[in-house]
Amino acid sequence: MSSTTVVKDPVCGMDIDTAAAAQHTEHAGQTYYFCCSKCKEKFDHNPAQYLGKNAAAPKIACSCCS
């Protein structure tokens, strides 16, 4: 029996299965998962913009999320 871990993409807010995530990155000792490379690039450029109080709210509509 395998378990699935679902997390939110911190950039677009999309639900991501960590085992099937298109991209991931490490920041401040934590792993973040992304639906596509565009979301990862945006996060890598400015992680503080996507973390904090408003992290649960979708931030953008990327081409792979629409």
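Structural remarks
- Members of the range 12-43 found to be surrounded by 16 or more Cβ atoms within 10 Å (Cβ to Cβ) and part of a helix (DSSP H, G or I), listed by number: Lys38, Cys39, Lys40, Lys42, Phe43
- Counted residues, the range 2-50 - those being touching an Asp or Glu at 6+ places or on another chain (Cβ under 6 Å) and under 12 Å from Cys64 (Cβ atoms): 4
- Close Cβ contacts (under 7 Å, 6 or more residues apart or on different chains) running from residues in the range 31-43 that are without any contact (Cβ under 8 Å) to a residue 60 or more places away in the chain to residues that are part of a helix (DSSP H, G or I) and open to solvent by 20 Å² or more (accessible area, probe 1.4 Å) comprise Tyr33/Thr18; Phe34/Lys40.
The values are calculated or read from the model by the stated rules, or taken from the named source; none is laboratory data. As the structure is a computational prediction, the values presented were derived from the model and not from experiment. Quick reminder, even Gly has a Cβ in these numbers, built from the backbone with ideal geometry, and neighbours come from all protein chains shown. Each accessible area value is taken on the protein alone, full model and side chains, heavy atoms only, with ligands, DNA and RNA left out. Shrake-Rupley method; radii C 1.70, N 1.55, O 1.52, S 1.80 Å.
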